[in-house]
Amino acid sequence: MNIDTILIEAKTGRPTTRAAFEAYKAKLVGANGALTQVIKGIGKLPPEERPAAGQAINQVKKELESIFNERLVEIEAQERKAVLGTPVDPNLPTRDKRGRLHPLTQVRNQLTEIFAKIGFVVAEGPEIESEWYCLDALNIPQDHPARDAQDTLYFPKQLKMGNVNKKADEQYILRTHTSSVQIRAMLKNPPPLRIIAPGRVFRRDTVDATHSACFHQIEGLYVDKGVTVCDLKDVLDHFLKELFGNKVEIRLRPSFFPFTEPSFELDLKSPHMGALSNQWIEILGCGIVDPAVFDSVGYDSHVWSGYAFGAGIERIAMLLYGIDDVRLFYQNDLRFL
Ligand code: PHE
């Protein structure tokens, strides 16, 4: 193909799906596409013809870009039409004038409100986090298998990152859990402490009905004198009854996290949970803060003790509303939202 036929192909092509669009685009401008071949051919032209050929190619590139954009807009309109049956005109006044919070935001607010009532304060931390806050300070050493289990997404060490206050030799990652906020909160505040930290977390997970590479967690941390497993069980029992109703039963199962000792997984059982009624369902991880974590932040572990817990917000929302596919939260299908 020469550049004229490439343009004609682009103009006459009418892909109707994203997949078809990608194929159509790849054929014209992909790594093995027609335009790439033309560009490779420039080298074979006599030197005096090259500048003009280069200019012509740049011109075509621009035209192609705007054609591709038009095609995408058409496809997006098709997609919206498929979802709603009629095209969307965003300028039309809505029938129901109020917007709605995303279901995950609603659940997050519900969770933080339950804890706010019993004195927990919301804390936050960055999503781009240094390994120290997310792993080292939480007693997860360099060679610990938990580092693999976390399936961490790492930034290249040399990367300059706009407004992240990055120290030269630090390894940055996307935080794999909200437990990093425990460390930040303890470094900022002397004990006693009571925080709840909702936020986004990231893992190198393959997306399916129950996994997402990006999801939300809510972390709790309580530090005081003489805190026991009893206190932990009590607060989680209260939390889950507020959320799922008074019929909920809970049980703690021994587990392992490097930052808590002892560690538990908490299961809950409820007669009102649709298909999952009256079954033990795992819902969160928790435990008594490991003294090594207090050492990381300079809390005296002979004086202070505490508990921590972390739960997935999507998981809670799915159980609350009987949703069976986590992807629904991110597809922005208005019928679902
Ligand atoms: N951070 C753990 C996870 O992501 C959950 C957890 C938090 C466990 C706090 C114990 C204490 O799986």
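Out of L221, L243, report the one residue that is within 13 Å of the ligand (Cβ to nearest atom) and open to solvent by less than 40 Å² (accessible area, probe 1.4 Å).
None of the others qualify; the one that does is L221.
Of the conditions (1) basic (K, R); (2) touching a residue at least 12 places away in the same chain (Cβ under 8 Å); (3) in a helix (DSSP H, G or I), R14 clears all except one; give me its number.
Against the list (1) basic (K, R); (2) touching a residue at least 12 places away in the same chain (Cβ under 8 Å); (3) in a helix (DSSP H, G or I), R14 comes up short only on (3).
For (1) surrounded by 13 or more Cβ atoms within 10 Å (Cβ to Cβ); (2) under 46 Å from the mean Cα position of the chain (by Cα), each residue gets a yes or a no:
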residue	(1), (2)
A34	yes, yes
Q37	no, yes
G41	no, yes
K44	no, no
P51	no, no
Q59	no, yes
L64	yes, yes
F68	yes, yes
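Are there any pairs with C-beta distances below 9 angstrom linking a residue in the range 283-299 that is in the same structural domain as M186 (by TED's automatic domain parsing) and farther than 20 Å from V229 by Cα to a residue that is near the ligand (Cβ under 9 Å from one of its atoms) and open to solvent by less than 10 Å² (accessible area, probe 1.4 Å), with the two at least 6 apart or on different chains, and if so which?
Between residues of the range 283-299 that are in the same structural domain as M186 (by TED's automatic domain parsing) and farther than 20 Å from V229 by Cα and residues that are near the ligand (Cβ under 9 Å from one of its atoms) and open to solvent by less than 10 Å² (accessible area, probe 1.4 Å), the close pairs are S296/L138; V297/Q182.
Looking for something within 18 Å of the chain's Cα centre (by Cα), open to solvent by 60 Å² or more (accessible area, probe 1.4 Å), modelled with pLDDT under 85 and small (G, A, S) - is there at least one such residue anywhere in the range 142-162?
Among the residues of the range 142-162, at least one is within 18 Å of the chain's Cα centre (by Cα), open to solvent by 60 Å² or more (accessible area, probe 1.4 Å), modelled with pLDDT under 85 and small (G, A, S), which makes the answer yes.
Could you look through the range 246-268, keep only residues that are among the β-branched types (V, I, T) and part of a strand (DSSP E or B), and pick out the one that is nearest to the ligand (Cβ to nearest atom)?
Residues of the range 246-268 among the β-branched types (V, I, T): 248, 250, 260.
With part of a strand (DSSP E or B) added as a condition, the list becomes 250, 260.
Values: I250: 15, T260: 5 Å.
Result: T260.
For residues that are assigned to a loop (DSSP other than H, G, I, E, B) and more than 13 Å from S130 (Cβ to Cβ), scanning just the range 175-193, find the one that is farthest from the ligand (Cβ to nearest atom).
At the first step, the residues of the range 175-193 found to be assigned to a loop (DSSP other than H, G, I, E, B) are 175-178, 189-192.
Now restrict to residues that are more than 13 Å from S130 (Cβ to Cβ): 177-178, 189-192.
Working: H177: 3, T178: 7, N189: 18, P190: 21, P191: 17, P192: 18 Å.
That would be P190.
Run down G310, G306, G285, G298 and say which single residue is at pLDDT 95 or above and away from the ligand (no atom under 16 Å from the Cβ). Break it down into steps so the answer makes sense when it comes.
Values: G310 fails: away from the ligand (no atom under 16 Å from the Cβ); G306 fails: away from the ligand (no atom under 16 Å from the Cβ); G285 fails: away from the ligand (no atom under 16 Å from the Cβ).
G298 is the lone residue from the list that is at pLDDT 95 or above and away from the ligand (no atom under 16 Å from the Cβ).
Scan the range 224-240 residue by residue and report those that are without any contact (Cβ under 8 Å) to a residue 24 or more places away in the chain and open to solvent by 50 Å² or more (accessible area, probe 1.4 Å).
C230, K233, D234, listed by residue number.
The values are calculated or read from the model by the stated rules, or taken from the named source; none is laboratory data. Here the structure is a predicted model, which is why all the values come from computation and not from measurement. Methodologically, a virtual Cβ is constructed for each residue, glycine included, from the backbone with ideal geometry; neighbour enumeration extends over all protein chains shown. All accessible areas refer to the heavy atoms of the entire protein, side chains included, with ligands and DNA or RNA removed. Shrake-Rupley method; radii C 1.70, N 1.55, O 1.52, S 1.80 Å.
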